[in-house]
Amino acid sequence: FTRRFMPALLGLIPGLMLATSAPAAAPSADAPAYRRHGEWRSSSLGGGGYILGTLVAPSNPKIHYAYIDVGGAYRSEDDGATWRMLHGGWPVPPGIYDTTGLSIHPADADDVLVAVGSVWAPRVGVYRSRDGGRTWTETLAAQFYGNGDFRSAGHVFARPPGRPDTLYVASAGDGVH
C-alpha cells in the first residue's frame, strides 16, 4: 500500500512549513488560505498524523529529513523542494511507521537513525541507515511511542557537544541508552 499510494497522498495532506532563502512566489488568488503564509511556503508531506520534526544535515545543508508520528520518515536532497519516502525500506512489524525521533550524524548526511514504535504495538526500536535511507538495520530493540499522548513532548535523541560519535536515546520505559 505505502509504496503504491503514498506518492498520491503526499499532495493531499497539508503539513511541513519551510522557510525559503528567497521570498516565495505569491500564491495564486484561488489558493486555499492554509497555503498562503507570506514569506513561508507550505509543502505537503506524510500520509497523516503530525510532523514531529525536521532536521537539516549539518554536513550538507541541502539535505533535510522529516519524521511523522504515524507516517514514517522522509528525505529531501534539494533544500526541501521534493521529498523521498524512507520507510519503504523498513521491515514490517506493527508500529514501524510510528516515528518518534530521527538523528543525523554531524559529519555524514547519509548516516541517519530513527526511533520507531507505537503505544499499541510490541517493542520495535532504533534503525540505522548509512546510505541515506535506502537500507536499514535494527540497532536497538526498545519501546518508543510515535503516536502517543506525549509525542511532541521533546526529542528522544541527543549528541553531547564535541562528541559526534556518541548518541543517547531515551525510550519509553526501557531507559536511556
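For the range 72-89, how many residues meet the condition of being under 24 Å from Ala141 (Cα atoms), aliphatic (A, V, I, L, M) and not in a strand (DSSP E or B)?
1
For residues that are touching a Phe, Trp or Tyr at 6+ places or on another chain (Cβ under 9 Å), of a type outside the set (D, E, K, R) and over 26 Å from Ser59 (Cα atoms), tally how many sit in the range 75-119.
Within the range 75-119, residues that are touching a Phe, Trp or Tyr at 6+ places or on another chain (Cβ under 9 Å), of a type outside the set (D, E, K, R) and over 26 Å from Ser59 (Cα atoms) number 8.
Quick grid of which residues meet (1) at pLDDT 75 or above; (2) part of a loop (DSSP other than H, G, I, E, B):
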{"position": "Ala24", "(1), (2)": "no, yes"}
{"position": "Ser43", "(1), (2)": "no, no"}
{"position": "Gly47", "(1), (2)": "no, yes"}
{"position": "Pro61", "(1), (2)": "yes, yes"}
{"position": "Val70", "(1), (2)": "yes, yes"}
{"position": "Pro91", "(1), (2)": "yes, yes"}
{"position": "Ile104", "(1), (2)": "yes, no"}
{"position": "Leu113", "(1), (2)": "yes, no"}
{"position": "Val126", "(1), (2)": "yes, no"}
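If we keep just the residues of the range 68-96 that are of a type in the set (Phe, Trp, Tyr) and surrounded by fewer than 24 Cβ atoms within 10 Å (Cβ to Cβ), which is nearest to Val176 (Cα to Cα)?
Looking at the filtered set, the residue picked out is Trp90.
The values are calculated or read from the model by the stated rules, or taken from the named source; none is laboratory data. No experiment lies behind these values; they were computed from the predicted model shown. Cβ: placed from backbone, ideal geometry, glycine included. Neighbour counts: every protein chain shown.
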